[in-house]
1. Restricting to the range 227-253, name every residue that is within 16 Å of ligand 1 (Cβ to nearest atom) and among the hydrophobic types (A, V, I, L, M, F, W, C).
2. Of all residues in the range 264-293, which are more than 16 Å from ligand 2 (Cβ to nearest atom), of a type outside the set (Gly, Ala, Ser) and farther than 20 Å from residue 234 by Cα?
3. Got a sec? Which of 324, 299, 367 is more than 16 Å from ligand 2 (Cβ to nearest atom), outside the structural domain of residue 424 (by TED's automatic domain parsing) and at positive phi?
4. Tell me, which residue of the range 383-407 that is buried (at least 19 other Cβ atoms within 10 Å of the Cβ) and more than 14 Å from residue 366 (Cβ to Cβ) is farthest from the chain's Cα centre (by Cα)?
5. With the requirement that a residue be within 16 Å of ligand 2 (Cβ to nearest atom) and modelled with pLDDT under 75, what does the range 147-196 give you?
6. Collect the residues in the range 222-261 that are crowded, with 18+ Cβ neighbours inside 10 Å, charged (D, E, K, R) and under 29 Å from residue 206 (Cα atoms), keeping them in residue-number order.
7. Can you tell me which residues in the range 11-21 are surrounded by fewer than 17 Cβ atoms within 10 Å (Cβ to Cβ) and closer than 19 Å to residue 59 by Cα?
8. Six or more apart or on different chains, Cβ under 8 Å: which pairs go from a residue in the range 114-140 that's closer than 22 Å to residue 152 by Cα to one that's among the basic types (Lys, Arg)? Could you list them?
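The values are calculated or read from the model by the stated rules, or taken from the named source; none is laboratory data. None of the values given here were measured: they were computed from a predicted structure. For neighbour counting, all protein chains shown are included, and Cβ atoms are generated from backbone atoms with ideal geometry for every residue, glycine included.
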Amino acid sequence: MPSTILIVDDEKNIRRTVRLVLEGEGFGVEEASSGEEALARLPDIGADVMLLDVQLPGISGLETLERLREPSAKGGANSVAAATTTETPGTTGVGSASTAARQQAPIPTVVMISGHATLADAVRAVKSGAYDLLEKPLDRERLLVTIRNALERRAMANEVAGLRALADERFEMLGRSAPMQALCSQIAKVAATRARVLITGESGTGKELIARAVHRESPLRDRPFVKVNCAAIPPELIESELFGHERGAFTGAVARRRGLFEMADGGTIFLDEIGDMILSAQAKVLRVLQSGEFTRVGGEQTLKVDVRVVAATNRDLQAAVTAGQFREDLYFRLAVVPLRAPPLRDRADDIPLLCAAFVEATSRENGMRAKSISTEAVAMLAAYPWPGNVRELRNVIERLVILSEDSIGMGDLPEEILAEVERSRRTQAAQVGSPTTGLPRIELPPEARALPLRELRDHVEREYIRVKLDENSWNISRTAGLLGIERTNLHKKMRALGLGREDR
Ligand SMILES: Nc1ncnc2c1ncn2[C@@H]1O[C@H](COP(=O)(O)OP(=O)(O)OP(=O)(O)O)[C@@H](O)[C@H]1O
Ligand SMILES: [Mg+2]
(Lines give C-alpha, C1' and ligand atoms only; values in the text may rest on other atoms or scores of the structure.)
(Ligands and ions follow the chains in the order given, each with its own letter.)
Protein backbone atom coordinates (compact mmCIF):
# COMPACT_ATOMS: atom_id res chain seq x y z
CA MET A 1 0.00 0.00 0.00
CA PRO A 2 1.45 3.39 -0.95
CA SER A 3 2.12 5.80 1.91
CA THR A 4 -0.33 8.66 2.13
CA ILE A 5 0.82 12.25 2.37
CA LEU A 6 -1.57 14.97 3.45
CA ILE A 7 -0.77 18.47 2.17
CA VAL A 8 -2.18 21.24 4.32
CA ASP A 9 -1.81 24.60 2.63
CA ASP A 10 -4.25 27.36 1.77
CA GLU A 11 -2.53 28.08 -1.55
CA LYS A 12 -4.06 25.96 -4.22
CA ASN A 13 -1.02 26.26 -6.49
CA ILE A 14 1.32 24.85 -3.90
CA ARG A 15 -1.01 21.96 -3.23
CA ARG A 16 -1.17 21.18 -6.91
CA THR A 17 2.59 21.32 -7.47
CA VAL A 18 3.37 19.14 -4.46
CA ARG A 19 0.67 16.68 -5.48
CA LEU A 20 2.23 16.32 -8.94
CA VAL A 21 5.68 15.68 -7.50
CA LEU A 22 4.48 13.16 -4.91
CA GLU A 23 2.08 11.30 -7.15
CA GLY A 24 4.89 11.02 -9.68
CA GLU A 25 6.83 9.13 -7.01
CA GLY A 26 3.96 6.80 -6.27
CA PHE A 27 2.66 8.33 -3.04
CA GLY A 28 -1.03 8.67 -2.26
CA VAL A 29 -1.89 12.34 -1.83
CA GLU A 30 -4.67 14.12 0.06
CA GLU A 31 -5.23 17.84 0.44
CA ALA A 32 -6.67 20.18 3.04
CA SER A 33 -6.82 23.96 2.85
CA SER A 34 -6.92 24.66 6.59
CA GLY A 35 -5.81 23.22 9.91
CA GLU A 36 -9.41 22.63 10.95
CA GLU A 37 -10.12 20.66 7.81
CA ALA A 38 -6.96 18.59 8.25
CA LEU A 39 -7.80 17.71 11.86
CA ALA A 40 -11.35 16.80 10.96
CA ARG A 41 -10.41 14.55 8.07
CA LEU A 42 -7.33 12.88 9.54
CA PRO A 43 -9.10 9.98 11.21
CA ASP A 44 -10.58 8.99 7.83
CA ILE A 45 -7.47 9.63 5.76
CA GLY A 46 -5.01 7.99 8.15
CA ALA A 47 -2.08 9.92 6.63
CA ASP A 48 1.49 8.79 7.27
CA VAL A 49 3.09 12.16 6.72
CA MET A 50 1.50 15.59 6.90
CA LEU A 51 3.06 18.56 5.12
CA LEU A 52 1.80 21.44 7.19
CA ASP A 53 2.07 25.11 6.26
CA VAL A 54 2.95 27.37 9.19
CA GLN A 55 0.69 30.19 8.09
CA LEU A 56 -2.88 29.19 7.58
CA PRO A 57 -6.22 30.97 7.76
CA GLY A 58 -8.03 30.07 11.00
CA ILE A 59 -5.84 28.12 13.38
CA SER A 60 -2.16 28.35 12.48
CA GLY A 61 -0.01 25.45 11.41
CA LEU A 62 1.74 25.37 14.77
CA GLU A 63 -1.55 25.26 16.61
CA THR A 64 -2.76 22.48 14.34
CA LEU A 65 0.36 20.56 15.22
CA GLU A 66 -0.18 21.08 18.93
CA ARG A 67 -3.82 20.00 18.77
CA LEU A 68 -2.82 16.96 16.83
CA ARG A 69 -0.54 15.82 19.59
CA GLU A 70 -2.83 16.56 22.49
CA PRO A 71 -3.69 13.31 24.21
CA SER A 72 -7.27 12.57 23.35
CA ALA A 73 -9.77 12.95 26.18
CA LYS A 74 -10.50 9.24 26.43
CA GLY A 75 -6.86 8.37 27.10
CA GLY A 76 -6.84 8.44 30.90
CA ALA A 77 -3.83 6.16 30.91
CA ASN A 78 -2.40 7.92 33.90
CA SER A 79 -5.33 7.80 36.20
CA VAL A 80 -6.12 4.96 38.51
CA ALA A 81 -9.73 6.03 38.62
CA ALA A 82 -10.08 5.78 34.85
CA ALA A 83 -8.29 2.48 34.81
CA THR A 84 -10.63 0.84 37.26
CA THR A 85 -13.76 1.42 35.24
CA THR A 86 -14.41 -1.48 32.96
CA GLU A 87 -14.44 0.13 29.54
CA THR A 88 -12.96 -2.51 27.33
CA PRO A 89 -15.18 -5.55 27.14
CA GLY A 90 -13.59 -8.48 28.82
CA THR A 91 -10.90 -6.60 30.65
CA THR A 92 -11.09 -5.59 34.23
CA GLY A 93 -9.85 -2.19 35.20
CA VAL A 94 -6.19 -2.87 35.54
CA GLY A 95 -4.65 -2.83 32.11
CA SER A 96 -7.65 -1.59 30.18
CA ALA A 97 -6.14 1.88 29.87
CA SER A 98 -3.33 0.60 27.70
CA THR A 99 -5.86 -1.07 25.42
CA ALA A 100 -7.70 2.23 25.04
CA ALA A 101 -4.46 4.02 24.21
CA ARG A 102 -3.60 1.48 21.57
CA GLN A 103 -6.87 1.98 19.78
CA GLN A 104 -6.28 5.67 19.03
CA ALA A 105 -5.56 6.52 15.38
CA PRO A 106 -1.83 6.94 14.84
CA ILE A 107 -0.66 10.52 14.47
CA PRO A 108 1.07 11.35 11.15
CA THR A 109 4.67 12.46 11.13
CA VAL A 110 4.60 16.20 10.54
CA VAL A 111 6.88 18.21 8.24
CA MET A 112 6.23 21.94 8.55
CA ILE A 113 6.55 24.21 5.49
CA SER A 114 6.97 27.94 5.68
CA GLY A 115 7.46 30.96 3.46
CA HIS A 116 9.48 32.94 5.95
CA ALA A 117 9.99 30.85 9.02
CA THR A 118 11.73 32.50 11.92
CA LEU A 119 14.10 30.58 14.13
CA ALA A 120 11.50 30.85 16.90
CA ASP A 121 8.93 29.15 14.67
CA ALA A 122 11.33 26.38 13.89
CA VAL A 123 12.14 25.82 17.55
CA ARG A 124 8.50 25.79 18.51
CA ALA A 125 7.66 23.39 15.69
CA VAL A 126 10.31 20.91 16.70
CA LYS A 127 9.35 21.25 20.36
CA SER A 128 5.77 20.45 19.45
CA GLY A 129 6.91 17.28 17.79
CA ALA A 130 7.39 18.24 14.13
CA TYR A 131 9.91 16.07 12.36
CA ASP A 132 11.40 18.80 10.15
CA LEU A 133 10.80 22.26 8.73
CA LEU A 134 11.13 23.04 5.00
CA GLU A 135 11.36 26.50 3.44
CA LYS A 136 9.32 27.69 0.51
CA PRO A 137 9.82 27.64 -2.36
CA LEU A 138 10.04 23.90 -1.93
CA ASP A 139 12.99 22.17 -3.53
CA ARG A 140 11.84 18.96 -5.20
CA GLU A 141 14.76 16.79 -4.10
CA ARG A 142 14.83 18.12 -0.59
CA LEU A 143 11.09 17.52 -0.27
CA LEU A 144 11.39 13.92 -1.40
CA VAL A 145 14.36 13.11 0.80
CA THR A 146 12.64 14.60 3.84
CA ILE A 147 9.46 12.64 3.21
CA ARG A 148 11.33 9.39 2.72
CA ASN A 149 13.30 9.90 5.93
CA ALA A 150 10.14 10.75 7.79
CA LEU A 151 8.50 7.57 6.56
CA GLU A 152 11.47 5.47 7.54
CA ARG A 153 11.53 6.85 11.02
CA ARG A 154 7.84 6.30 11.28
CA ALA A 155 8.12 2.66 10.30
CA MET A 156 10.65 2.18 13.04
CA ALA A 157 8.52 3.97 15.61
CA ASN A 158 5.55 1.81 14.62
CA GLU A 159 7.57 -1.31 15.07
CA VAL A 160 8.65 -0.23 18.53
CA ALA A 161 5.10 0.73 19.44
CA GLY A 162 3.90 -2.63 18.18
CA LEU A 163 6.44 -4.50 20.25
CA ARG A 164 5.58 -2.43 23.28
CA ALA A 165 1.88 -3.07 22.83
CA LEU A 166 2.60 -6.77 22.53
CA ALA A 167 4.69 -6.66 25.68
CA ASP A 168 2.00 -4.74 27.53
CA GLU A 169 -0.60 -7.18 26.38
CA ARG A 170 1.41 -10.06 27.80
CA PHE A 171 1.10 -8.34 31.16
CA GLU A 172 -2.55 -7.49 30.92
CA MET A 173 -4.72 -9.10 33.59
CA LEU A 174 -7.83 -10.53 32.06
CA GLY A 175 -10.96 -11.51 33.94
CA ARG A 176 -14.15 -10.00 35.21
CA SER A 177 -15.30 -12.64 37.67
CA ALA A 178 -16.10 -11.51 41.20
CA PRO A 179 -12.71 -12.62 42.63
CA MET A 180 -10.87 -10.71 39.88
CA GLN A 181 -12.92 -7.57 40.40
CA ALA A 182 -12.22 -7.69 44.11
CA LEU A 183 -8.52 -8.18 43.40
CA CYS A 184 -8.39 -5.30 40.92
CA SER A 185 -9.98 -2.90 43.34
CA GLN A 186 -7.46 -3.95 45.99
CA ILE A 187 -4.65 -3.35 43.50
CA ALA A 188 -5.94 0.11 42.66
CA LYS A 189 -6.10 0.99 46.35
CA VAL A 190 -2.69 -0.30 47.28
CA ALA A 191 -1.04 1.10 44.15
CA ALA A 192 -1.82 4.63 45.23
CA THR A 193 0.28 4.09 48.38
CA ARG A 194 3.86 3.00 48.93
CA ALA A 195 2.84 0.13 51.17
CA ARG A 196 4.72 -3.14 50.79
CA VAL A 197 2.72 -5.87 49.15
CA LEU A 198 3.02 -9.62 49.54
CA ILE A 199 1.33 -11.56 46.76
CA THR A 200 0.54 -15.20 47.42
CA GLY A 201 -1.18 -17.81 45.32
CA GLU A 202 -0.65 -21.10 43.56
CA SER A 203 1.71 -21.45 40.66
CA GLY A 204 0.49 -19.86 37.43
CA THR A 205 -2.23 -17.72 38.99
CA GLY A 206 -0.75 -14.43 37.75
CA LYS A 207 1.29 -13.20 40.72
CA GLU A 208 3.77 -11.50 38.44
CA LEU A 209 0.99 -9.75 36.56
CA ILE A 210 -0.35 -8.47 39.86
CA ALA A 211 3.07 -7.13 40.83
CA ARG A 212 3.38 -5.34 37.49
CA ALA A 213 -0.11 -3.94 37.82
CA VAL A 214 0.71 -2.56 41.27
CA HIS A 215 3.70 -0.76 39.74
CA ARG A 216 1.91 0.37 36.58
CA GLU A 217 -0.97 1.85 38.54
CA SER A 218 1.29 3.58 41.06
CA PRO A 219 2.85 7.05 40.99
CA LEU A 220 6.20 5.30 40.38
CA ARG A 221 5.05 3.96 37.00
CA ASP A 222 7.68 5.91 35.07
CA ARG A 223 10.46 4.74 37.36
CA PRO A 224 12.17 1.37 37.05
CA PHE A 225 10.45 -1.92 37.79
CA VAL A 226 13.11 -4.46 38.64
CA LYS A 227 12.23 -8.12 38.93
CA VAL A 228 14.37 -10.46 40.98
CA ASN A 229 13.73 -14.18 40.79
CA CYS A 230 15.02 -15.19 44.20
CA ALA A 231 14.69 -18.88 43.38
CA ALA A 232 16.73 -18.71 40.18
CA ILE A 233 19.84 -17.01 41.57
CA PRO A 234 22.36 -19.44 43.06
CA PRO A 235 22.58 -18.92 46.85
CA GLU A 236 26.22 -17.87 46.68
CA LEU A 237 25.42 -15.07 44.23
CA ILE A 238 22.21 -13.73 45.66
CA GLU A 239 23.81 -11.08 47.86
CA SER A 240 25.96 -9.66 45.11
CA GLU A 241 23.00 -9.69 42.72
CA LEU A 242 20.82 -7.79 45.17
CA PHE A 243 23.37 -5.39 46.58
CA GLY A 244 26.20 -5.34 44.07
CA HIS A 245 29.85 -5.91 44.76
CA GLU A 246 33.12 -4.06 44.86
CA ARG A 247 35.95 -4.99 42.57
CA GLY A 248 37.83 -8.01 43.89
CA ALA A 249 35.14 -8.89 46.45
CA PHE A 250 35.34 -12.51 45.35
CA THR A 251 36.92 -14.54 42.57
CA GLY A 252 35.37 -13.32 39.36
CA ALA A 253 34.44 -9.89 40.66
CA VAL A 254 36.62 -8.12 38.14
CA ALA A 255 34.82 -4.81 38.33
CA ARG A 256 32.49 -3.01 40.69
CA ARG A 257 28.90 -3.82 39.95
CA ARG A 258 25.63 -2.21 40.98
CA GLY A 259 23.04 -4.46 42.56
CA LEU A 260 19.37 -4.77 41.74
CA PHE A 261 18.31 -2.65 44.72
CA GLU A 262 20.43 0.21 43.39
CA MET A 263 18.97 -0.21 39.91
CA ALA A 264 15.46 -0.04 41.30
CA ASP A 265 16.15 3.16 43.25
CA GLY A 266 13.12 5.43 43.04
CA GLY A 267 10.98 2.64 41.59
CA THR A 268 9.67 -0.80 42.49
CA ILE A 269 11.65 -3.94 43.22
CA PHE A 270 9.75 -7.18 42.75
CA LEU A 271 11.14 -9.98 44.90
CA ASP A 272 9.63 -13.00 43.18
CA GLU A 273 9.69 -16.43 44.85
CA ILE A 274 10.76 -14.75 48.09
CA GLY A 275 9.93 -17.94 49.98
CA ASP A 276 12.98 -19.56 48.38
CA MET A 277 15.48 -16.96 49.54
CA ILE A 278 18.27 -18.27 51.74
CA LEU A 279 18.41 -17.12 55.36
CA SER A 280 21.65 -15.14 55.05
CA ALA A 281 20.20 -13.06 52.20
CA GLN A 282 16.99 -12.61 54.19
CA ALA A 283 18.94 -10.85 56.92
CA LYS A 284 20.36 -8.37 54.43
CA VAL A 285 16.99 -7.75 52.82
CA LEU A 286 15.56 -7.11 56.27
CA ARG A 287 18.14 -4.40 56.79
CA VAL A 288 17.22 -2.57 53.56
CA LEU A 289 13.57 -2.80 54.46
CA GLN A 290 14.21 -1.36 57.91
CA SER A 291 16.56 1.47 57.02
CA GLY A 292 16.85 1.67 53.25
CA GLU A 293 20.55 1.00 53.80
CA PHE A 294 22.85 -1.67 52.47
CA THR A 295 26.48 -2.35 51.68
CA ARG A 296 27.91 -3.83 48.50
CA VAL A 297 29.57 -7.21 48.90
CA GLY A 298 33.19 -6.50 49.80
CA GLY A 299 32.42 -2.83 50.37
CA GLU A 300 32.44 -0.64 53.44
CA GLN A 301 30.40 2.30 52.35
CA THR A 302 26.78 2.33 53.47
CA LEU A 303 24.47 3.12 50.56
CA LYS A 304 20.88 4.27 50.73
CA VAL A 305 18.00 3.57 48.38
CA ASP A 306 14.36 4.45 48.20
CA VAL A 307 12.43 1.57 46.68
CA ARG A 308 8.98 0.19 46.93
CA VAL A 309 9.03 -3.52 47.66
CA VAL A 310 6.56 -5.99 46.21
CA ALA A 311 7.15 -9.67 46.93
CA ALA A 312 5.50 -12.88 45.77
CA THR A 313 5.58 -16.54 46.65
CA ASN A 314 3.63 -19.71 46.05
CA ARG A 315 4.83 -21.13 49.36
CA ASP A 316 3.02 -20.90 52.66
CA LEU A 317 5.30 -18.33 54.29
CA GLN A 318 3.71 -18.65 57.69
CA ALA A 319 4.45 -22.37 57.65
CA ALA A 320 7.99 -21.58 56.52
CA VAL A 321 8.31 -19.23 59.50
CA THR A 322 7.14 -21.96 61.86
CA ALA A 323 9.59 -24.38 60.27
CA GLY A 324 12.42 -21.90 60.83
CA GLN A 325 13.07 -21.45 57.10
CA PHE A 326 11.85 -17.91 56.87
CA ARG A 327 12.55 -15.01 59.22
CA GLU A 328 9.45 -13.93 61.05
CA ASP A 329 10.57 -10.28 61.26
CA LEU A 330 11.06 -10.21 57.49
CA TYR A 331 7.67 -11.80 56.97
CA PHE A 332 5.98 -9.03 58.95
CA ARG A 333 7.92 -6.34 57.10
CA LEU A 334 6.89 -7.73 53.72
CA ALA A 335 3.30 -8.63 54.37
CA VAL A 336 1.97 -5.16 55.07
CA VAL A 337 -0.74 -5.59 52.46
CA PRO A 338 -1.31 -9.21 51.49
CA LEU A 339 -2.87 -9.86 48.06
CA ARG A 340 -4.08 -13.28 47.09
CA ALA A 341 -4.18 -14.48 43.48
CA PRO A 342 -7.27 -16.70 43.18
CA PRO A 343 -6.80 -20.16 41.67
CA LEU A 344 -8.40 -20.48 38.24
CA ARG A 345 -10.87 -23.13 39.42
CA ASP A 346 -12.37 -20.50 41.74
CA ARG A 347 -13.01 -18.20 38.84
CA ALA A 348 -14.14 -20.58 36.14
CA ASP A 349 -16.45 -17.81 34.88
CA ASP A 350 -13.36 -16.21 33.37
CA ILE A 351 -12.31 -19.27 31.40
CA PRO A 352 -14.34 -18.54 28.22
CA LEU A 353 -12.90 -15.05 28.12
CA LEU A 354 -9.34 -16.26 28.70
CA CYS A 355 -9.76 -18.92 25.99
CA ALA A 356 -10.90 -16.34 23.46
CA ALA A 357 -8.09 -13.95 24.35
CA PHE A 358 -5.39 -16.64 24.21
CA VAL A 359 -6.68 -18.08 20.92
CA GLU A 360 -6.65 -14.62 19.41
CA ALA A 361 -3.23 -13.70 20.76
CA THR A 362 -1.60 -16.97 19.73
CA SER A 363 -3.03 -16.79 16.22
CA ARG A 364 -1.78 -13.25 15.85
CA GLU A 365 1.65 -13.86 17.34
CA ASN A 366 2.20 -16.75 14.93
CA GLY A 367 0.91 -14.83 11.93
CA MET A 368 -2.01 -17.24 11.52
CA ARG A 369 -5.54 -16.48 10.48
CA ALA A 370 -7.71 -15.98 13.60
CA LYS A 371 -8.84 -19.44 14.68
CA SER A 372 -11.98 -20.15 16.65
CA ILE A 373 -12.89 -22.53 19.42
CA SER A 374 -16.23 -24.29 19.74
CA THR A 375 -18.62 -23.59 22.60
CA GLU A 376 -18.54 -27.24 23.71
CA ALA A 377 -14.77 -27.24 23.84
CA VAL A 378 -14.81 -24.06 25.94
CA ALA A 379 -17.42 -25.59 28.27
CA MET A 380 -15.18 -28.62 28.68
CA LEU A 381 -12.17 -26.43 29.47
CA ALA A 382 -14.26 -24.47 31.97
CA ALA A 383 -15.10 -27.70 33.82
CA TYR A 384 -11.45 -28.72 34.19
CA PRO A 385 -9.85 -27.85 37.56
CA TRP A 386 -6.56 -26.45 36.10
CA PRO A 387 -3.98 -27.39 38.74
CA GLY A 388 -1.43 -25.25 36.81
CA ASN A 389 -3.90 -22.36 36.65
CA VAL A 390 -3.75 -19.69 33.93
CA ARG A 391 -0.28 -20.70 32.80
CA GLU A 392 -1.50 -24.23 32.08
CA LEU A 393 -4.59 -22.95 30.27
CA ARG A 394 -2.47 -20.62 28.18
CA ASN A 395 -0.07 -23.41 27.24
CA VAL A 396 -2.89 -25.77 26.30
CA ILE A 397 -4.52 -23.12 24.10
CA GLU A 398 -1.24 -22.26 22.41
CA ARG A 399 -0.71 -25.90 21.59
CA LEU A 400 -4.28 -26.28 20.29
CA VAL A 401 -4.02 -23.19 18.09
CA ILE A 402 -0.78 -24.38 16.56
CA LEU A 403 -1.83 -27.98 15.99
CA SER A 404 -5.49 -27.75 15.05
CA GLU A 405 -7.32 -26.75 11.90
CA ASP A 406 -9.30 -23.51 11.63
CA SER A 407 -11.70 -24.35 14.40
CA ILE A 408 -10.81 -26.04 17.67
CA GLY A 409 -13.40 -28.61 18.73
CA MET A 410 -13.95 -31.14 21.49
CA GLY A 411 -11.96 -33.75 19.59
CA ASP A 412 -8.84 -31.59 19.68
CA LEU A 413 -8.73 -31.36 23.47
CA PRO A 414 -6.02 -33.28 25.32
CA GLU A 415 -7.04 -36.72 26.47
CA GLU A 416 -6.25 -36.08 30.14
CA ILE A 417 -8.57 -33.06 30.25
CA LEU A 418 -11.47 -34.99 28.70
CA ALA A 419 -10.90 -37.91 31.06
CA GLU A 420 -10.66 -35.76 34.18
CA VAL A 421 -13.81 -33.79 33.36
CA GLU A 422 -15.71 -37.00 32.61
CA ARG A 423 -14.56 -38.50 35.89
CA SER A 424 -15.55 -35.52 37.98
CA ARG A 425 -18.90 -35.29 36.18
CA ARG A 426 -19.62 -38.89 37.07
CA THR A 427 -18.74 -38.53 40.74
CA GLN A 428 -20.76 -35.36 40.99
CA ALA A 429 -23.76 -36.97 39.37
CA ALA A 430 -23.54 -39.88 41.78
CA GLN A 431 -23.26 -37.56 44.75
CA VAL A 432 -26.35 -35.60 43.97
CA GLY A 433 -28.25 -38.69 42.88
CA SER A 434 -29.07 -37.28 39.51
CA PRO A 435 -32.10 -38.81 37.81
CA THR A 436 -30.01 -39.62 34.75
CA THR A 437 -27.88 -42.15 36.59
CA GLY A 438 -30.65 -43.35 38.88
CA LEU A 439 -28.26 -43.42 41.78
CA PRO A 440 -29.73 -42.29 45.09
CA ARG A 441 -27.77 -40.22 47.53
CA ILE A 442 -26.59 -42.37 50.39
CA GLU A 443 -25.73 -40.73 53.67
CA LEU A 444 -22.77 -42.24 55.44
CA PRO A 445 -22.46 -42.01 59.22
CA PRO A 446 -19.53 -39.91 60.48
CA GLU A 447 -17.79 -43.02 61.74
CA ALA A 448 -17.96 -44.61 58.27
CA ARG A 449 -14.32 -43.67 57.60
CA ALA A 450 -13.24 -46.04 60.32
CA LEU A 451 -15.55 -48.94 59.44
CA PRO A 452 -14.14 -52.24 58.20
CA LEU A 453 -14.91 -52.77 54.53
CA ARG A 454 -17.52 -55.42 55.20
CA GLU A 455 -19.54 -53.25 57.54
CA LEU A 456 -19.30 -50.29 55.22
CA ARG A 457 -20.49 -52.41 52.32
CA ASP A 458 -23.39 -53.72 54.38
CA HIS A 459 -24.33 -50.21 55.35
CA VAL A 460 -24.32 -48.97 51.76
CA GLU A 461 -26.16 -52.06 50.52
CA ARG A 462 -28.80 -51.74 53.22
CA GLU A 463 -29.38 -48.04 52.49
CA TYR A 464 -29.47 -48.60 48.76
CA ILE A 465 -32.01 -51.39 48.98
CA ARG A 466 -34.13 -49.38 51.40
CA VAL A 467 -34.23 -46.40 49.01
CA LYS A 468 -35.20 -48.66 46.11
CA LEU A 469 -37.92 -50.31 48.19
CA ASP A 470 -39.23 -46.89 49.14
CA GLU A 471 -39.30 -45.80 45.51
CA ASN A 472 -41.34 -48.89 44.68
CA SER A 473 -43.71 -48.81 47.67
CA TRP A 474 -42.03 -51.90 49.09
CA ASN A 475 -43.20 -54.02 46.19
CA ILE A 476 -40.66 -56.85 46.49
CA SER A 477 -41.00 -58.31 42.99
CA ARG A 478 -40.62 -54.95 41.25
CA THR A 479 -37.71 -53.86 43.42
CA ALA A 480 -35.93 -57.19 42.90
CA GLY A 481 -36.41 -56.82 39.16
CA LEU A 482 -34.90 -53.33 39.22
CA LEU A 483 -31.99 -54.49 41.32
CA GLY A 484 -31.41 -57.40 38.97
CA ILE A 485 -31.73 -60.14 41.59
CA GLU A 486 -34.20 -62.93 42.35
CA ARG A 487 -37.18 -62.20 44.54
CA THR A 488 -36.08 -64.83 47.07
CA ASN A 489 -32.61 -63.45 47.06
CA LEU A 490 -33.94 -59.99 47.95
CA HIS A 491 -35.91 -61.49 50.86
CA LYS A 492 -32.79 -63.19 52.11
CA LYS A 493 -30.72 -59.99 51.83
CA MET A 494 -33.38 -57.97 53.65
CA ARG A 495 -33.34 -60.44 56.48
CA ALA A 496 -29.56 -60.52 56.66
CA LEU A 497 -29.34 -56.75 56.64
CA GLY A 498 -32.14 -56.40 59.14
CA LEU A 499 -34.42 -54.55 56.72
CA GLY A 500 -38.12 -54.85 57.56
CA ARG A 501 -41.34 -53.04 56.85
CA GLU A 502 -40.81 -51.07 60.05
CA ASP A 503 -37.99 -49.30 58.17
CA ARG A 504 -40.45 -47.63 55.86
N1 LIG B 1 -5.51 -12.76 34.83
C2 LIG B 1 -4.73 -13.13 33.80
N3 LIG B 1 -5.01 -12.71 32.56
C4 LIG B 1 -4.24 -13.07 31.52
N5 LIG B 1 -3.17 -13.85 31.62
C6 LIG B 1 -2.84 -14.30 32.83
C7 LIG B 1 -3.60 -13.97 33.99
N8 LIG B 1 -3.03 -14.57 35.05
C9 LIG B 1 -1.97 -15.24 34.59
N10 LIG B 1 -1.84 -15.08 33.26
C11 LIG B 1 -0.80 -15.68 32.40
O12 LIG B 1 -0.43 -16.91 32.98
C13 LIG B 1 0.97 -17.07 32.98
C14 LIG B 1 1.47 -17.17 34.41
O15 LIG B 1 1.35 -15.93 35.08
P16 LIG B 1 2.41 -15.48 36.18
O17 LIG B 1 3.80 -15.74 35.71
O18 LIG B 1 2.10 -14.10 36.59
O19 LIG B 1 2.03 -16.52 37.34
P20 LIG B 1 2.70 -16.73 38.76
O21 LIG B 1 1.60 -16.74 39.74
O22 LIG B 1 3.79 -15.75 38.96
O23 LIG B 1 3.27 -18.21 38.63
P24 LIG B 1 4.53 -18.89 39.44
O25 LIG B 1 4.11 -19.07 40.85
O26 LIG B 1 4.68 -20.20 38.74
O27 LIG B 1 5.67 -17.98 39.29
C28 LIG B 1 1.53 -15.89 32.22
O29 LIG B 1 1.65 -16.25 30.86
C30 LIG B 1 0.46 -14.84 32.37
O31 LIG B 1 0.48 -13.95 31.30
MG1 LIG C 1 5.84 -16.01 39.10
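1. First pass over the range 227-253, keeping only residues within 16 Å of ligand 1 (Cβ to nearest atom): 227-233.
Of everything in the range 227-253, those that are within 16 Å of ligand 1 (Cβ to nearest atom) and among the hydrophobic types (A, V, I, L, M, F, W, C) turn out to be 228, 230, 231, 232, 233.
2. In the first step, residues of the range 264-293 are kept if they are more than 16 Å from ligand 2 (Cβ to nearest atom); the result is 264-267, 278-293.
Narrowing further to those that are of a type outside the set (Gly, Ala, Ser): 265, 278-279, 282, 284-290, 293.
Residues satisfying the conditions are 265, 287, 288, 289, 290, 293.
3. On the way: 299 fails: at positive phi; 367 fails: outside the structural domain of residue 424 (by TED's automatic domain parsing).
Within the list 324, 299, 367, the selection yields 324.
4. So in the range 383-407, the residues buried (at least 19 other Cβ atoms within 10 Å of the Cβ) come out as 384, 386, 389-390, 393, 396-397, 400-401.
Still in the running and more than 14 Å from residue 366 (Cβ to Cβ): 384, 386, 389-390, 393, 396.
Working: 384: 21, 386: 18, 389: 13, 390: 10, 393: 13, 396: 17 Å.
Checked the range 383-407; the qualifying residue farthest from the chain's Cα centre (by Cα) is 384.
5. Selection gives 170 alone.
6. Within the range 222-261, the subset crowded, with 18+ Cβ neighbours inside 10 Å is 225-226, 228, 230, 233, 238-246, 259-261.
Right, trim to charged (D, E, K, R) and you get 239, 241, 246.
Those that are crowded, with 18+ Cβ neighbours inside 10 Å, charged (D, E, K, R) and under 29 Å from residue 206 (Cα atoms): 239, 241.
7. 11, 12
8. Correct list of pairs: 128/69; 129/69; 131/153; 134/142.
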